1. Where Lys and Arg each count +1 and Asp and Glu each count -1, what net charge lies around B:Glu51 among other residues with Cβ under 13 Å from its Cβ?
2. Relative to the Cα centre, what is the charge dipole magnitude of region A:6-98, using +1 at the beta carbon of each Lys and Arg, -1 at the beta carbon of each Asp and Glu, and rounding to the nearest 20 debye?
3. What's the extension gain from B:Arg95 to B:Leu43 if we count 0.36 nm per residue and subtract their Cα-Cα distance?
4. Take the solvent-accessible surface of the protein heavy atoms, probe 1.4 Å, and return the percent of it on chain A that carbon and sulfur atoms account for.
5. Treating chain A as a set of equal point scatterers at the Cα positions, no solvent, please give the Debye-formula log₁₀ I(q)/I(0) at q = 0.08, 0.16, 0.17 Å⁻¹.
6. Using modelled backbone amide H atoms (1.01 Å from N, in-plane), which distant-in-sequence or interchain residues come within less than 5 Å of B:Phe48's amide H?
7. If one computes the Cα centroid of region B:89-163 and of region A:180-254, what distance in Å separates the two points?
8. Which value, in Å² rounded to 10, gives the accessible area of A:Ile6 with a 1.4 Å probe and all protein chains present?
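The values are calculated or read from the model by the stated rules, or taken from the named source; none is laboratory data. Because the structure is a prediction, the values reported are computed rather than measured. Cβ atoms come from the backbone with ideal geometry, glycine included; neighbour counts cover every protein chain shown. In case anyone asks, the SASA skips ligands and DNA or RNA and just uses the protein heavy atoms, side chains included. Shrake-Rupley method; radii C 1.70, N 1.55, O 1.52, S 1.80 Å.
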There are 2 protein chains.
Amino acid sequence: MKVVFIGSGNVATHLAQKFQSIGINVSQIYSRTSTNAEALAKLVGATFTTEMSEIETDADYYFYALNDNSLKRFLSKFDLPNAIHLHTAGSISIRIFEKYSTKYGVFYPLQTFSKNKEIDFSTIPICIEASSSEIQLKLEELAKLLTKNVYLTNSEQRKKIHLAAVFACNFTNYMYDMASVILEDAGVSFEIIKPLIKETADKVMTLPPFNAQTGPAVRYDENTIDKHLELLKSQSELKKIYKLLTTDINKRHQKK
Amino acid sequence: MKVVFIGSGNVATHLAQKFQSIGINVSQIYSRTSTNAEALAKLVGATFTTEMSEIETDADYYFYALNDNSLKRFLSKFDLPNAIHLHTAGSISIRIFEKYSTKYGVFYPLQTFSKNKEIDFSTIPICIEASSSEIQLKLEELAKLLTKNVYLTNSEQRKKIHLAAVFACNFTNYMYDMASVILEDAGVSFEIIKPLIKETADKVMTLPPFNAQTGPAVRYDENTIDKHLELLKSQSELKKIYKLLTTDINKRHQKK
């Protein structure tokens, strides 16, 4: 089995490395920026190119790890070989391929990838969608080589899963970041909050988040809330977030 | 060593159980609600009372696990024995005791406690503050029986630590909760997002959260952001949060 990657960002990097580590031949990396393409090609023992005309045409799978616009632009210029074409994005419909190919699908790993952080693939959910049941079967087999968590999801569901991931990952990380800003201002190391971050994540492995909610907002402890707003008086952005989330948490817990 | 607890909420429950488990005599639980007091008393083999006049006066430590207003009200009515008086709250100043006693302090465990979730105390940071260096030493010794993470913090720092905890825990949990709402709407199990939640927390154990930030907001991927806002068009509260956090994340990452 031979695989070509179009794109060399975080998703491509982790996916290509994983494939290579289980013996799948990652043959070539294409990227518009040669430094990125070269770096990833080196990691997985592939060749690289920045020229569309040099992309190998005999691979079994083409993995596209590009954003919406770049993918559209690429597909409109590239003459797709008679292989299986897969994008790896949460928010892009499977239909993006339909004008260009008959064999295509989606292979979306639901995880946050950073270049400098290794990852255990075995529990990462991979969301699969395919242009036919035959290809779906192939994608399921391929995904099961990487993880035990394979999900069949349509494009509408996948879009919502990606949106949920923005809340559970990107926005959550921003909450950590704001905590770090506040601690820095207090002259206290970020270390102090790490066990709390761990436990907060750990709790929702067994409790629904609604039941795990604690803090001044849920019990509307006005005294504490006022003290916090006073502390944030010169940080208008943080204050806005604090007010909005406190109001919403309180509303949600009064409702039930 | 003999300890009395005033209050029987989540903090009191976890702290009293931990003390009892390491052989410290938790002698009595006072609470205004007899069911709570009785439940905790049973757990730790203590007596309980709902009458101030029946509170034992010969304990070494009185632990107050009450909110701001309840603590004020209690102290104004209770004739404090010549023991060490400790509150366990993040946002209450140590000075709340100064009119009533000469021996007092703060013993604040920085963690999220839920009654139905057991917790490993050994890594929980405990923030200590005391009315004298002699009492400080005693509190450090006591805290070290529970955890290896003992911090000396003044009331101003502690207030900020508590505020940081609201972001890193309460608001973070609300992000999980909103993710669960979105997934439910998509007909997808919350299970799918758990590995992402774990990894998001795990990442900031080694990377500063600023460096761990990923997602459409940080790279201002307008296409994806627009799709998400469209998905949220009938959920005005979620949409407001999405817009605010996306703007703020983008601003913060353009700055640097």
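1. Neighbourhood net charge equals 0.
2. 320
3. Between B:Arg95 and B:Leu43, full extension yields an extra 15.5 nm.
4. Solvent-exposed carbon and sulfur of chain A make up 45 percent of the total.
5. With no solvent term, the Cα-only Debye profile gives -0.43, -1.14, -1.23.
6. For B:Phe48, whose amide H was placed from the backbone, the distant partners under 5 Å are B:Ile29.
7. 19
8. My reading of the accessible area for A:Ile6 is about 0 Å².
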